[in-house]
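The structure appears below as structure tokens.
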Amino acid sequence: MIMGCGRVGSTLALSLEEQGHDVAVVDKERTSFRRLGQSFEGRRVVGYGFDRDTLVQAGIEHAHAFAAVSSGDNSNILAARVARETYNIENVVARIYDPGRAEIYQRLGIPTVGTVRWTANRMLRRLLPHGATPQYTDPSGNVVIAEVAYHPGWIGRPYPDVETHTRCRIAFVMRTGQGIIPGPDAMVQEGDILNLIAASTALGAVERILEKPPPAE
């Protein structure tokens, strides 16, 4: 179920339906559903995504997941909490524009997508030669998966060496546009984009390790 039929909500709805999922979309404006096109076969329900009658009409009692992606932070977080706390939906995410609010709700156990922070981080990653870009933070804020830049001296070194020196696990590597999980014999190749699992408090130290050449063997 998706609350909000703007550009994000409609794109998400069409993508999920294309993958074979049954989708219901809730929006307070009937005209918003035009973004779904004529071929969309899911439910279109006019109403507020935090209103229980609207949610029941949309099929909340049988929903597997709930995404609140309207243009209002308050509406999104309220709807997400209703879905989680009233209808016990485990897979819930809310779109939050205010980075400060996003962090608060993340720590309350409601996964959020902070639009402003995500965009800013991606921009910084392209502008600056070093630094880490968080890709995912667990609800407690203690663990992060981050895209971390590395010194060219690491190219040709085995990935297990990276784990040993950083004391982190490698989540995945993007190589020529494809995600891979490197095996024990895999080497760092030029152009690899490295994503590590680390304690959030240790991320700065990991950056400092990787921005320097590896120790001589």
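The values are calculated or read from the model by the stated rules, or taken from the named source; none is laboratory data. From a predicted model like this one, the values you see are computed outputs, not experimental measurements. Please note: Cβ atoms are built from the backbone with ideal geometry, for glycine as well, and neighbour counts cover all protein chains shown.
Listed by first and then second residue, the pairs with beta-carbon distance under 7 Å, at least 6 apart or on different chains, first residue in segment 132-153 and at pLDDT below 80, second small (Gly, Ala, Ser), are ALA132/ALA146; THR133/ALA146; PRO134/ALA146; GLN135/ALA146; THR137/SER200; PRO139/GLY109; GLY141/SER200.
Every residue, every condition in (1) farther than 30 Å from SER140 by Cβ; (2) touching a strand residue (DSSP E or B) at 6+ places or on another chain (Cβ under 8 Å); (3) among the charged types (D, E, K, R), yes or no:
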position	(1), (2), (3)
HIS151	yes, no, no
ARG157	yes, yes, yes
THR166	no, yes, no
ILE181	no, yes, no
MET187	yes, yes, no
GLU190	yes, no, yes
LEU194	no, yes, no
ALA199	no, yes, no
GLU211	no, no, yes
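Here is the figure for segment 10-39: residues that are farther than 23 Å from ASP51 by Cα, among the small types (Gly, Ala, Ser) and within 23 Å of the chain's Cα centre (by Cα) total 2. If you go through segment 143-197 and keep only what is among the hydrophobic types (A, V, I, L, M, F, W, C), farther than 19 Å from ILE209 by Cα and in contact with a Pro (Cβ under 8 Å, 6 or more places away or on another chain), you end up with just ALA186.
Scanning segment 18-65 for residues that are surrounded by fewer than 17 Cβ atoms within 10 Å (Cβ to Cβ) and in a helix (DSSP H, G or I) turns up GLU18, ARG30, THR31, ARG34, ARG52, ASP53, VAL56, GLN57, GLU61, HIS62.
Taking the condition of being of a type outside the set (Gly, Ala, Ser), part of a helix (DSSP H, G or I) and in contact with a helix residue (DSSP H, G or I) (Cβ under 7 Å, 6 or more places away or on another chain), how many residues in segment 87-103 meet it? Adding up the residues that qualify gives 2. The residue of segment 44-92 that is modelled with the lowest pLDDT, among those that are closer than 19 Å to PHE33 by Cα and hydroxyl-bearing (Ser, Thr, Tyr), is SER71. For segment 168-179, a residue qualifies if it is part of a loop (DSSP other than H, G, I, E, B) and either farther than 24 Å from SER140 by Cβ or outside the structural domain of TYR136 (by TED's automatic domain parsing) (or both), and the qualifying residues are THR176, GLY177.
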